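Chemist: Structure incoming, see below.
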Amino acid sequence: MSYILLPVITLVITKVISGNLALSLGMIGALSIVRFRNPVKNPFELVMFFALITIGISMAVNWKWGILLTVVILIIIILAKLTEKVSRYFGYDIYSLSFEEGLTLNLIEVHSYNKLEELESSKHLLQTSFINEEKKKYYYRLGSRNREEIVRLKSELEKNNQIFNIDIRLN
């Protein structure tokens with residue numbers, strides 16, 4: 001989504017500040033402060049900061065550009081969420097972590113035909129899960145800072161014949 005939103009934000013910035021030297025210097029200053037003074041957890045968060053600043057400045061200069069940018073951002077976010085839901089419904093995971101997005105966890109993704117209680121009740125691992133009721137498939141994504149814990153979990157889960165896919169990403 002960052003790659004989709006950045007060109008639109010840049011278009012609005014250039015349209016709003018074109019021909020106004022004072023406004024362009026102010027915009028550069030505002031975006032620089034956000035970039036260098038804010039602790040950013042992932043790239044999308046930084047893109048959203050830029051988008052919000054751009055919306056605010058463009059609403060003050062030319063409200064049409066501000067409203068257009070707001071609507072485009074909302075449409076892109078809604079379409080991305082719908083695309084994710086549709087792809088997961090059909091058993092695909094089209095979104096993956098890009099450059100680990102600042103994540104320092106070791107990850108394991110497990111696809112199973114049955115609910116796995118040992119993963120459902122895991123207290124030490126960060127967990128997300130998704131169930132496709134229609135196809136009777138369960139998807140789990142777990143993370144831990146402890147690399148050995150992920151490797152140990154993978155070796156335990158490989159013995160289970162109800163699991164049809166295990167992927168791990170180790171740091």
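Chemist: Of all residues in segment 42-56, count the ones that are farther than 18 Å from Tyr3 by Cβ and either at pLDDT below 80 or in contact with a helix residue (DSSP H, G or I) (Cβ under 6 Å, 6 or more places away or on another chain) (or both). Outline the logic, then answer.
Modeler: Pass one, segment 42-56, residues farther than 18 Å from Tyr3 by Cβ: 52-53, 55-56.
Imposing the further condition that a residue be either at pLDDT below 80 or in contact with a helix residue (DSSP H, G or I) (Cβ under 6 Å, 6 or more places away or on another chain) (or both) reduces the set to 53, 55.
Residues in segment 42-56 being farther than 18 Å from Tyr3 by Cβ and either at pLDDT below 80 or in contact with a helix residue (DSSP H, G or I) (Cβ under 6 Å, 6 or more places away or on another chain) (or both): 2 in total.
Chemist: What strands (runs of 3 or more DSSP E) completely inside segment 110-171 contain at least 1 residues that are at pLDDT below 75 and not aliphatic (A, V, I, L, M)?
Modeler: Working: elements: 126-132, 137-144, 163-169.
Correct list: 126-132.
Chemist: Output yes when any residue across segment 80-98 is surrounded by fewer than 16 Cβ atoms within 10 Å (Cβ to Cβ), closer than 14 Å to Ser2 by Cα, among the aliphatic types (A, V, I, L, M) and modelled with pLDDT of 80 or more, and no when none is.
Modeler: yes
The values are calculated or read from the model by the stated rules, or taken from the named source; none is laboratory data. Computed from a predicted structure; not experimentally measured. Because the Cβ atoms are built from the backbone with ideal geometry, glycine has one as well, and the counts that use them run over all protein chains shown.
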